[in-house]
Structures are given as C-alpha cells and as structure tokens.
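Only one structure is covered here, and it is reproduced in the block below.
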Amino acid sequence: MAGEQLQVLNALDVAKTQWYHFTAIIIAGMGFFTDAYDLFCISLVTKLLGRIYYHVDGAEKPGSLPPNVSAAVNGVAFCGTLAGQLFFGWLGDKLGRKKVYGMTLMLMVICSVASGLSFGHTPKSVMATLCFFRFWLGFGIGGDYPLSATIMSEYANKKTRGAFIAAVFAMQGFGILAGGIFAIILSSSFNAMFEAPSYEVDALRSTVPQADYVWRIILMVGALPAALTYYWRMKMPETARYTALVAKNAKQAASDMSKVLQMDIEAEPQKIEQTKEQKSGFGLFTKEFAKRHGLHLLGTTSTWFLLDIAFYSQNLFQKDIFSAIGWIPSAKSMNAIDEVYRIARAQTLIALCSTVPGYWFTVAFIDKMGRFAIQLMGFFFMTVFMFALAIPYDHWTHKENRIGFVIMYSLTFFFANFGPNATTFVVPAEIFPARLRSTCHGISAASGKLGAIVGAFGFLYLAQNQDKAKADVGYPAGIGVKNSLIVLGIVNALGFLFTFLVPESKGKSLEEMSGENEEKEPQGEAEPPSSSGRRTAPVA
C-alpha cells in the first residue's frame, strides 16, 4: 500500500456528489441538530427555574438561581461533553465509527427525557438530579463531535469534503433556532391557557403551577430528532477507511462501498496483506506522531480552545443587549412564562440574523477559499469587532448608540461561524491518520469545550463590575465588561496567530494529508512515486 492508494478509497475521493452524500449529511447532521438544541435550550429556562424554585416572599425581584447553582446547571453539560469527546473519540478508533455512533445517540435520547423528569422534594434535589442527567446528556453529545466529523470526512469526496463536514456542523444553527421557536410556541400556548399577572402586580400568582411543565417539556423534546435518526444510523455501513486501513478488511470495505457508490470496486486484499506483517503504524504517544503531527495537534487544540473562550463568553453581555434595546423588559414587569417567551424570541432573532447565515457562508465558500483563509479571516474580524466594542465601550452604553452595539455584536457571531467555529470542527477530521482520526478530533474538541467552560464561567465572574456593590447578587467584584472585552480581543488575536500551525487540506485526499500512503514504508527503502503522481502533504 506504500505510496499507492486503495481503489476503494480513490473511488470515494473522486466520486461525484450523490444522494448518499446528502443522506450522510442528514443522518450525521441530525445528531448535531440535537446537540445544539440540548446544549443551548437550558439558557431559555434558567430564569424560569429561578422563579419556580428560588422564590423569596416579599422580594423586590423574582427568584433567581444562586451563582453556584446557575454555574452547575449551565456548565455541567459542558463538562460531560468534554469527557464524552475524549472517551468516544478514542472508542471510535478502537471499535469503529458505526458501533459507537448508535451508543451516543441512545444516551442523548435517554438523558434528554430524564432531564425533563428531574425529581426531588426540595429545590436542591431537583437541581441535583437535573445536573446529573445533563452531565450524561453532555457525555453523549461529546461523542457525536468526533464521530460525526470523522464519518462525514471518510464518506466525502476530495472536491466537496469541506462543505459536507461544515454542513453537518451547520445543523447546529438549526438546532439553536428550533429550540427558540419551540420555546416561543410553547410559552405562547401556556400564556394563553394560564393567564398570570406580572411579578410586580402579584409576585406569587405571576408563576403559575403549570410553569413547571414548560421547562420540562422544552428539555424533553430534544430526544425526538435523535430518536428519529437512530434507525438510519444503524443502517449506515462502516466507513471504508476504517474497514480497510484500521480493521484491515479490504474485501468488506470494497463490498460496502460498491453498494453505496453503486459500482464495482476491486477488493485488493494483497495491498492490505503487505501492511499486516509490517508495524501497524505509530501510536498517539510516540516520537513519530510528535514529529509528523505534533504541531498539527497543537494547532487544532489551541485554536479551538481560544475560539470557544471568545464564543461562549459572548453570552456575558447578551442579557444586557436584549434589555438595552427593549427585547427583554425588566423581570418584575413580566410573569414567569412571558419571560421565557421574551428570552426565546431574542435568542431566535440573533440565531436567525447572524448565527445561521454564518454557518452556511462557510459551507458555500470552504472548498473555494480553503480552511486556512476562512479561519484566519474569522479570527481577524472577531478581533477587530471585539476591540471596536471594547475601546469605546462607554460610547456604546448611551441609548442612541445601542443599535450599533447590537450590529457589532451580531457581526462577531457571524464571523465566528463564517470562520473558526466551523473550520476548527472540519480540519481535525482531515489531517490525522485513520487509526487516530477520531481520537485526535476528540482531543481537539475537548480542548474547545475546556475553552467554553473558561469563557462561560471565568468571564461570568471576570465581567462583574469593579465596584462590589454594583456586581450581580452573590458575585465578587470583577474587572468590568470593558476590560473583559479587551481580554477577549487578545484571545481572538492569539487564535489568529495559532492558525498558522494548521495545514491547508483543501482538495487533498485524507491519506495525502495524513501521510498514510507512505508511512508504512519499511525503513531504508526509497519511497516510490504514487500512481497518481501526487505528493504527500508536508508534515510538521
């Protein structure tokens, strides 16, 4: 196999875009649709949880989750996702993509339903069971990252591979949108059926008993799209690259892909046999891996880590923006269900105007511009807009300038999605060897989730007012929003610099990028030219 690609892999590389490509996008993409719905729907209901379980009689404002409870409820799924990315990424390389793919989906279905059924006699016990199930929900979601990206990259052709992987990731946008739209419909229906006064008119009656069903239903509905695609996931054959290059079964790989591509493919078992007696290739913790792909892994982990710090910390000033432009009035002027409606409407508008278009711009341009250019451009504009928000921050706080602030804020989201938020997902699925591809993608994604935890919670404390008296209830003094935005601008600038460690994979086969065509050469033997005359990608 040295220097020469198996016919089955070459057939996949040069295949015209066919129906099976789109079914693979839908099957893998529905997992991501569910991931986004499940991860982001919690932000729609945290205010409601505070009103229901932490109401204080006679208080001027509605009940809210204490800082530690809020951090746990919002962040525990991120912790589960990080663990799941590492574990299922490794398992996907050990057992195969298909075997593990069904496990992650069933875990998501079961834990989505269980989250909505969280039980207990006290607020603490309800929040504890909710956090328990959301951790395991995150664990399942984590597995979907490396597996979906790897499966899509190994099914796709060279010409449109970037667009196909990005399209799977772009389903996240529709998941966020679906969560918002469903919450709008549900809260509107409950508001019409169970009328309630605002908190300032009647504090107790402003939260109707039926409000407890609202958050539970919103969380449980996330199980539906995952359950609907389970059957189709189980019908997908194992990827030819795993079967041929890792499981070393050329006959099975050729048979599977002959059905998928609807053409005759030669099995070529002799090429696989040549490699069986040789070493099966270097492992993750070897000098050879460090030499070939060490800088690549540093590039994918660092850029994803830095991106997610900036991306997830943007929720810092989301509530201030929504309040400033009147999308969300003060909490005491609404009843509990009306507040869910207003938050859902605001998040849906942001998703519709900036998040979703950004994803699909990437899908449209990634195979024309290349991954490197899009990631560099995204980090550059995120840096520019973050500093443009930070340096004249006092200017943006005046009422007449708030619309400009919202536009700038939306543009940072747009260039995150038409930029590193998509490319950091695509590239790790393309540049590592088949036997380590899922593992390395899982490590890169877990690094991103670590950044998300730093961004979402580190900056929640960091962005508090420098005057302790003006900080949110229960929080210590921080460095203020302006200084936090400057820090985020620096984070984006570092992301721009670390992008130079990541190689361009546009238009190249996966084996060309990973160097698998020549890595099994016996030592001392010259490398013959490949049958197609291709050069292998330079390695770090």
*asked:* Let me cross-check residue 21: its accessible surface, 1.4 Å probe, with only protein heavy atoms counted, in Å² to the nearest 10?
replied: 0 Å²
_Ignoring solvent entirely, what values of log10 I(q)/I(0) come out of the Debye formula for region 95-173 at 0.11, 0.27 Å⁻¹ when each Cα is a single scatterer?_
-0.40, -1.16
_For region 137-203, the spread of Cα positions along each principal axis, largest first, Å_ = 62, 25, 19
*Provide the FRET efficiency to the nearest 0.05 for the residue 251-residue 397 pair, computing r from the beta carbons and using R0 = 60 Å.*
0.35
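Determine by what factor the alpha-carbon radius of gyration of the chain differs from 2.2 N^0.38 Å, reporting the quotient. The partial results should precede the final answer.
Numbers: Rg = 24.5 Å, N = 540, 2.2 N^0.38 = 24.0 Å.
Normalised Cα radius of gyration, the chain: 1.02.
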_Multiplying the sequence separation of residue 497 and residue 262 by 0.36 nm and subtracting their Cα-Cα distance, what value in nm do you get?_
80.1 nm
*Unit charges at the beta carbon, dipole of region 128-269: most positive-side option, 265, 221, 130*: 265
_With Cα atoms, 0 to 90° folded angle of helix 97-116 axis to the chain main axis_ = 10 degrees
*asked:* At R0 = 41 Å, how high is the FRET efficiency between residue 234 and residue 159 if r is their beta carbon distance? Nearest 0.05 is fine.
replied: 0.90
*Measuring from label point to label point, each 7 Å out along Cα→Cβ, what is the residue 212 to residue 18 span in nm?*
5.5 nm
*When a/c is below 1.5 the answer is rounded, else prolate if a/b is larger than b/c, else oblate, so apply that to region 298-451 with a ≥ b ≥ c taken from the square roots of the Cα gyration tensor eigenvalues.*
prolate
*Relative to the longest principal axis of the chain, what angle (0 to 90°, nearest 10) does the C-alpha long axis of helix 67-95 take?*
10 degrees
*Carbon + sulfur, % of accessible area of region 447-488 - ligands and nucleic acids excluded, 1.4 Å*: 63 percent
*Compute the accessible area per residue over the chain, keeping the other protein chains in place, probe 1.4 Å, unit Å².*
40 Å²
*asked:* Rg and Dmax in Å for region 380-520, alpha carbons only: what are they?
replied: 19.5, 65
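Find out how many positive minus negative residues lie around residue 138, taking Lys and Arg as positive, Asp and Glu as negative, among other residues whose Cβ is under 11 Å from that of residue 138. Display every interim value, and only then the final one.
Details: positive: 134, 449; negative: 35, 38, 144.
Charge balance near residue 138 sits at -1.
Accessible area of region 151-297 with a 1.4 Å probe: how many percent of it is carbon plus sulfur? If you can, show how the numbers build up before the last one.
Numbers: 4230 of 6890 Å².
Here carbon and sulfur together make up 61 percent of the probe-accessible area.
At a 1.4 Å probe radius, which order do 35, 264 fall into by accessible area, largest first?
Values: 35 0, 264 145 Å².
From most accessible down to least: 264, 35.
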_Compute the angle between helix 19-40 and the longest alpha-carbon principal axis of the chain, please, reported from 0 to 90 degrees and rounded to the nearest 10._
30 degrees
_Let me make sure I get this right: for region 69-121, a, b and c are the square roots of the gyration tensor eigenvalues over alpha carbons, sorted descending. Under 1.5 in a/c it's rounded, otherwise prolate if a/b > b/c, else oblate. Which is it?_
oblate
*In the chain, with Lys and Arg counted as +1 and Asp and Glu as -1 at Cβ, which of these residues, 391, 73, 240, has the Cα nearest the positive end of the dipole, that is, farthest along it?*
73
*According to a simple spin-label model (label point 7 Å from Cα along Cα-to-Cβ), what is the distance in nm between residue 57 and residue 94?*
5.5 nm
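Students often get this wrong, so check it: of 235/508; 159/259; 99/124; 449/508, which have C-alpha atoms separated by over 32 Å?
Numbers: 235/508 29 Å; 159/259 21 Å; 99/124 38 Å; 449/508 28 Å.
Beyond 32 Å between Cα atoms: 99/124.
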_Sorting check: for 383-394, 142-153, which peptide has the highest mean count of neighbouring beta carbons within 10 Å, and how do the rest follow?_
142-153, 383-394
*asked:* Using amide H atoms built in the peptide plane, which far-off residues or other-chain residues are under 5 Å from residue 281 H to H?
replied: none
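Relative contact order (percent) for the chain, with alpha-carbon contacts under 8 angstrom and 6 or more residues of separation? Walk me through the numbers on the way to the answer.
On the way: 985 pairs, mean separation 132.3, N = 540.
Worked out over the chain, it gives 25 percent.
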*Using only the alpha-carbon atoms of region 23-143, report the extent along each of the three principal axes, biggest first, to the nearest angstrom.*
58, 24, 21
*How much mean residue ellipticity at 222 nm does the chain get from its helices, if each DSSP H run of length 4 or more adds -39500 (n - 2.57) and you divide by all residues, to the nearest 500 deg cm²/dmol?*
-22000 deg cm²/dmol
*Peptides ranked, highest mean first, by Cβ atoms within 10 Å: ranges 484-496, 208-220*: 484-496, 208-220
*Using all Cα-Cα distances in region 432-480, what percent lands in each 5 angstrom bin from 0 up to the longest?*
5, 20, 16, 12, 10, 9, 8, 7, 6, 5, 2, 0
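For residue 479 and residue 290, what does the FRET efficiency come to when R0 = 45 Å and r is the distance between their Cβ atoms, rounded to the nearest 0.05? Let's see the in-between values first.
Working: r = 38 Å, r/R0 = 0.84.
Here the calculated transfer efficiency is 0.75.
Could you give the length gained on full extension between residue 124 and residue 26, defined as 0.36 nm per residue of separation minus the Cα-Cα distance, in nm? Mind showing how you got there, number by number?
Values: separation 98, 0.36 × 98 = 35.28 nm, distance 3.92 nm.
Taking residue 124 through residue 26 to full extension adds about 31.4 nm, to one decimal.
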*Would you kindly state how much longer the chain becomes between residue 224 and residue 195 on full extension, computed as 0.36 nm times their sequence separation minus their alpha carbon distance, in nm to one decimal?*
7.5 nm
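Could you order peptides 435-446, 157-168 by the average number of other Cβ atoms within 10 Å of their residues, highest first? Write out the running numbers ahead of the final one.
Numbers: 435-446: 26.6, 157-168: 23.7.
Descending packing order for the listed peptides: 435-446, 157-168.
What does the C-alpha gyration tensor say about the overall shape of region 145-286? Classify as rounded when a/c is under 1.5, otherwise prolate if a/b is larger than b/c, or oblate.
Numbers: a/c = 3.93, a/b = 3.22, b/c = 1.22.
Prolate is the answer for region 145-286, as a/c is 1.5 or above and a/b outweighs b/c.
The values are calculated or read from the model by the stated rules, or taken from the named source; none is laboratory data. This structure is a prediction, so every number in the text was calculated from the model and none was measured. Cβ sites come from the backbone with ideal geometry, for glycine too, and all protein chains shown count toward neighbours. With ligands, DNA and RNA removed, areas are computed over all heavy atoms of the protein, side chains included. Shrake-Rupley method; radii C 1.70, N 1.55, O 1.52, S 1.80 Å.
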